[in-house]
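Below is one structure, written out as structure tokens, with a few remarks after it.
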Amino acid sequence: MNRILACSAILATSTVLLLAGCGGGGPGETPTTTATTTPPVTTQPGATPPSTVEGKADEEAAPLLAWAGVKEGSKEEGPAPLTVEFEADIEGGTPPLKYVWKFGDGAESTEKNPKHTYEKAGKYRADLEVADSGGDSDSDYVEIEVQ
């Protein structure tokens, strides 16, 4: 009798393991699986995706940085009258930005990239001041030499 019980237990265990390895279905049954998907997020053309908008609410604008320079092809020195094309290179800040150029000879401009003519010989310092709508500001200068 012990021998029959032992054989029955082995046979029952083998059957359970075999069925467990087959996905629990009987012979000829195709196991079914369930998949969950997340629907895609759609936005209007040109709109910022929601994940970007959420992150920007807590972020501050990058600090305003300004560099004064002379446009490529324009000269920083030469004989009078010398016309110089200036350019402001800006990073960060909160628009709109306000520009003030002081050319060192009494003249000023509020353009981002002004053109100015120096009539007399001398060394000049053209100062650039930039302010943003968030209250941040920065300044830089470029030296001009007129012979």
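Computed from the coordinates by the stated procedures, all read-outs in this text should not be read as laboratory data. All of these numbers come straight from a predicted model, not from anything done at the bench. Cβ sites come from the backbone with ideal geometry, for glycine too, and all protein chains shown count toward neighbours.
Between residue 98 and residue 62, 0.36 nm times their residue separation minus their Cα-Cα distance comes to what?
Extra length from residue 98 to residue 62 when fully extended: 11.3 nm.
Under 12 Å from the Cβ of residue 125, count the other residues' Cβ atoms, weight Lys and Arg +1, Asp and Glu -1, and hand me the total. Could you put the intermediate results ahead of the total?
Numbers: positive: 102, 123; negative: 76, 105, 127, 140, 143, 145.
Every neighbour counted, the sum reads -4.
Just the number: Rg to Rh for segment 65-146, Cα atoms, Kirkwood Rh, two decimals. Provide the component values of the computation, followed by the final result.
Numbers: Rg = 12.8 Å, Rh = 12.8 Å.
Taking Rg over the Kirkwood Rh, I get 1.00.
Check residue 70: other-chain or 5+ apart residues with amide H under 5 Å from its amide H, H built from backbone geometry?
87
Starting from the Cα of residue 107, move 7 Å in the Cα-to-Cβ direction to define the label point; list residues of segment 119-143 whose amide nitrogen is under 12 Å from there.
Inside the label zone: 119-120.
List the relative contact order of segment 65-146 as a percent without decimals, with contacts defined as Cα pairs under 8 Å and 6+ residues apart.
38
Within 10 Å, count the other beta carbons around each residue, average over each peptide in 85-92, 60-67, and list them highest first.
In descending order of packing, they fall as 85-92, 60-67.
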